[in-house]
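These notes concern the structure reproduced below.
Read-outs throughout are calculated quantities, based only on the coordinates presented, and are distinct from any laboratory measurement. Please read all numbers here as calculations on a predicted model, not as lab measurements. Cβ: placed from backbone, ideal geometry, glycine included. Neighbour counts: every protein chain shown.
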Amino acid sequence: MSSTASSTTTTAAAATRAPGSPDARAARGGNTTAYLRYAAGKLGGAAVSLFAVLVTSFFLFRIIPGDPVKAMTHGMPTSAEQLATLRRQFGLDLPMWQQFTDYCAAALTGDLGTSYQFHAPVGELITQKLPATLLLTGVAVVVYSAIGLWLGTRSAWRHGGLGDKLNTGVALTLWSVPSFWLGLLLIIVFAVGIGPLPGLFPTGGMESGSETGFAYVLDVAHHMVLPVLTLVAVGYAQTLLVMRSSLLDEMGSDYLTTARAKGLRDDDVRRRHAVPNALLPTVTMVFINLGHVAAGSILVETVFSWPGLGGLFYQALSVPDLPLVQGLFVVFAGAMIIMNLLADVLYPLLDPRVGR
Amino acid sequence: MVTKAPSPSARQPHHRFVRTLLATGLAASALVVAPQQAQADDGGEQDGRNGGKNVLTVAVSQSVDSLSPFLAARLLSTSIHRLMYDYLTNYDVKDGHTVPGLATEWKSSPDKLTWTYTIREDSTWSDGKEATAEDAAWTFNKMMTDENAATANGSFTANFRKVTAPDPQTLVIELKKPQATMTALDVPIVPKHVWEKVGDFSKFNNDKDFPVVGNGPYILTDFKVDQYVKLAPNKKFWRGEPKFDELVFKYYKDGDAAVAALRKGEVSFVSNLTPAQAASLRNAEGIKVNDAPGRRFFALATNPGAQSKDGKKFGTGHPALLDPAVRKALFHAVDRKTIIDKVFQGHAVEGEGYIPPRFASYFWKPAAEQRIGYDPAKAAALLDQAGYKKNGTGKRVGKDGKPLDFRILCHATDPNDKAIGKYLQEWWGELGIGLRVDCLDNVSDPWVKGDYDLAFDGWSVNPDPDFVLSIHTCAARPATPKDIGATDNFICDSAFDELYAKQAVEYDQAKRSELVKQMQSRLYETGYMNVMAYPNAVEAYRTDHIKSITTMPEAAGNIFGQDGYWSWWSAEPAGKAAGASEGGSSTAVAVGIGAAVVVVAAAGLLVARRRRATAEDRE
């Protein structure tokens, strides 16, 4: 693990230091206005997408069948009057167009409505659970991107060898494993313990509930080990394969032969010349994955009882809790749009040919 | 062209080897140090107690919708309210009859319209103030005057005219018309001096300030959404304080993970087990499986021709099902024994009447001549007599000449629905009747619109059967086809309604039981609703944590979701209960040290590599 981290940090540093093309610096320096125009265009596009998401989220979830009020009181002694009150409370008795304008007006002020089932503001519910999801999937994405980049580079550099075959073989196998199943196996082996192996980690949750201060941080870290491991095991193959194939594409290039002819060490040829050029597709993917971070992983969050947004989304859909579903949809889609925007804005810095 | 790169390791065998060795060694030592420490702590807690505390940890999966008794509708939330607040009355643990709660006595006036309750003198709120009739009166008045406060339990007070507390020990409730549920008012009584400060009842969730002031057997001390709910015993509880030092409801969103936590000892109790989980735990050491008669029924409902109160018909129910002979024939072709054995794998009891047998005073069985048993031949004969003959292809045709093809609504999330759907397709197929099983994530939409022929239906029954009976009255139907009523499946039968009205005002328990039985007989007779099974409650607990715990009914019943607080109030520790915390602070410290070692090692390696790289660049 430790050597992975060091190696990736180096490649990332190399990427910014030597951005592929020799005229990169000049182009960037000379075309600041062009770049700003490019960035502004992308920003405008993102704003339009965000608005489209807001509109879509309202109508899309109105198609979901089911009466939310009936669903949330199911099993309770409820009179018709109580049902009517609830409907009035949540504005469900208003015509659709009025519900829509109310929703848009509120959304513009940052108010995403009140959850039917939790009787609490949607924004509050999301901000309550967002940190847990960001922590879990964020750490996992960083770790699996790093491992994928490192192993992908190794595999491509010595492609066809035993290490490469083993690497890709293992990665592909883990990739096809259902995450909830792997999670359960890890719980049985590492949380409950098998044979002489004792249970080392908690079976679920994010904290023990009795710690404070630094002990709390460590307690959360202890709870994170197995879910992160699951996400990493299932997720690193993607980065590995993309990195491997784009590096393979670069490996035949003349500039590498030139670099070698200059007498550079093989490690330097790889790190300073080949890898930075092969990074583009992988960077896109890492950003897309970061966009997914907000949505978390419903399956892994469920198996490990992680109190994040994935589980909340599932609960919201099953009622259906329209304001909550809408709010989550906006947050998920928003995260994707922002991450794509970041990737777009970052591209010309990595490769000056983009955005000209 | 691809350039084959020379292996770097061939050139730097020494560096690589040392680096790998170092990294592996550090990582391994970090992993080993931390978990061994963790194991020692875990072991310590499982053998002993959590810092000397006996903690009863219950695995739950349902989210708390609200901790405000005025809003909460879910089973977990209302069960927690039973622990936090005392109700006027409670249900006896043996047979569910009404026993004193906050009220010690109650009586009704001769005209049945005024109820007087005597409030006990030995109940105090956890902040030291006495719980009085004024608190009860304030609670009910709030529900009567603020519609937001009536969200959860408004059905109980809808018929109240006036509620007063002439003195601290007397509560008087005046009714608009007689109401039989006056000794079964499942309404938590809250402290007036705390709750009168609440502004908007539709938004106040009672989950910010801890401990929450209450007078039940437990005091709510902490709550984290979807993580845990913690309660401490109320030392001043009038019935006596609970014996565990802490009660924790801990979240396990996945059933298998919860079972794993039970095996490990992280939790003491798990409910809602699948047959496979129950089978795997049955032989586990130190674990007791409680396979008890449940409070639910599982039924087959037919669309009786959906109709609103204003007399308008709607929906797309099959007209053949309006014929009692067809409904009877369908049910004669259901082999309930096979369903119990194969689908429920023995964890259920064959169904007959509407109310499950555990509610002994209301339980009803059809007489031998009334019983619709499994008899495919009789089913075929009934259909022949009623004029639904088989055509050339072996399919029964209706009076309109069209083949009998029904749809059944099935909950996509319920494997039992799907499995039984398959059996029904087979049994009814042999009769010459087609069946399409429509499994949906959310069945309520077609249900509410009356767009179904048959449906899998089920309800949890309360000790007082008023509600589950009320959903089959004509009054429960929607006002217009566009509205949504409180009805279950649009049944409207004047004979049933007449009996319902009689039982609702009958204060004599024996007479009311008799009326309720007659209602079930009528429901069975009409055949719109046929109960196939009473699923068991299957749950398990660790005997090394819990020495004894009370089931309800006491002889053989469930532990989780009781009507009352009996299980968690009565539970006795075995002296070895594991803590809610599955890793003590020293575990966390060890893990932290391990993590820190890894980070420092990584940083060290990074620096070393950099140095080496620059050294080589200089060369």
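Overview of results
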{"quantity": "Links that overshoot a 22 Å alpha carbon limit, given the list B:LYS395/B:LYS422; B:LYS253/B:LYS342; B:LYS328/B:LYS402", "calculated": "B:LYS253/B:LYS342"}
{"quantity": "Segment B:322-366 residues near the modelled B:GLU525 label - backbone nitrogen below 14 Å, point 7 Å along Cα→Cβ", "calculated": "B:366"}
{"quantity": "Rounded FRET efficiency, nearest 0.05, which uses the C-beta distance separating B:ILE471 from A:ASP249 and R0 of 56 Å", "calculated": "0.25"}
{"quantity": "Helix runs (DSSP H) in chain A reaching 20 Å along axis by Cα, Kyte-Doolittle at least 1.0", "calculated": "A:32-60, A:122-157, A:213-251, A:275-293, A:322-350"}
{"quantity": "Spin-label model distance (nm) - A:ALA261 vs A:LYS165, 7 Å beyond Cα toward Cβ", "calculated": "3.5 nm"}
{"quantity": "Rel. contact order, % - alpha carbon contacts under 8 angstrom, at least six apart, segment B:338-462", "calculated": "22 percent"}
{"quantity": "Candidate lysines - alpha carbon under 16 Å from B:LYS250, same-chain residues fewer than 8 apart omitted", "calculated": "B:LYS224, B:LYS230, B:LYS264"}
{"quantity": "Cα centroid separation - segment A:211-230 against segment B:236-263, whole Å", "calculated": "22 Å"}
{"quantity": "Prolate/oblate/rounded call for segment B:66-218, Cα gyration tensor, a/c under 1.5 rounded", "calculated": "rounded"}
{"quantity": "Shielding of B:219-225 by partner chains, average beta-carbon count, 10 Å", "calculated": "2"}
{"quantity": "Isotropically averaged projected area of segment A:199-301, using the convex hull of Cα atoms (one quarter of hull area), nm²", "calculated": "9.8 nm²"}
{"quantity": "Nitroxide proxy distance, nm - points 7 Å out along Cα→Cβ at A:ILE288 and B:LYS94", "calculated": "6.9 nm"}
{"quantity": "Isolated Cys in the protein assembly as shown, by beta carbon distance under 4.7 Å", "calculated": "A:CYS104"}
{"quantity": "Sequence-separation-based contact order of segment A:82-221, relative, with Cα cut under 8 Å and 6+ spacing, percent", "calculated": "8 percent"}
{"quantity": "Hydrodynamic radius (Kirkwood) for chain A, which is based on Cα pairs only, to one decimal in Å", "calculated": "23.4 Å"}
{"quantity": "Part-to-part distance (alpha-carbon centres) for segment A:158-210 and segment B:117-159, which is given in Å", "calculated": "53 Å"}
{"quantity": "Summed residue charge, Cβ within 11 Å of B:THR98's Cβ, Lys/Arg positive, Asp/Glu negative", "calculated": "-4"}
{"quantity": "Cβ-derived FRET efficiency at R0 51 Å, B:ALA419 paired with B:LYS482, nearest 0.05", "calculated": "0.90"}
{"quantity": "Full-extension gain in nm, B:LYS236 to B:THR164, via 0.36 nm per residue minus C-alpha separation", "calculated": "23.3 nm"}
{"quantity": "Those trypsin sites (Lys or Arg not before Pro) in segment B:285-378 that DSSP places in a loop and that have at most 14 other beta carbons within 10 Å", "calculated": "B:LYS312, B:ARG371"}
{"quantity": "B:ARG436 paired with A:LEU50, simple spin-label distance in nm, labels 7 Å along Cα-to-beta-carbon", "calculated": "4.5 nm"}
{"quantity": "Alpha-carbon Debye profile of the protein assembly as shown, log10 I(q)/I(0) at 0.05, 0.06, 0.08, 0.10 Å⁻¹", "calculated": "-0.38, -0.54, -0.90, -1.25"}
{"quantity": "Cα gyration tensor, segment B:111-159 - rounded (a/c under 1.5), prolate or oblate", "calculated": "oblate"}
{"quantity": "GNM flexibility winner over chain A from A:LEU279, A:LEU346, A:LEU328 (Cα, springs under 10 Å)", "calculated": "A:LEU346"}
{"quantity": "Surrounding net charge for B:GLU350, when Lys and Arg each add one and Asp and Glu each subtract one, Cβ distance under 12 Å", "calculated": "+1"}
{"quantity": "Shielding by partners, peptide A:210-223 (average Cβ within 10 angstrom, other chains)", "calculated": "6"}
{"quantity": "Relative contact order %, chain A, counting alpha carbon pairs below 8 Å whose residues are six or more apart", "calculated": "31 percent"}
{"quantity": "Theoretical gain in end-to-end length, A:VAL177 to A:ALA106 [0.36 nm per residue, Cα-Cα removed]", "calculated": "21.3 nm"}
{"quantity": "Chain A: most fluctuating residue of A:PHE90, A:PHE59, A:PHE214 per GNM, C-alpha cutoff 10 Å", "calculated": "A:PHE214"}
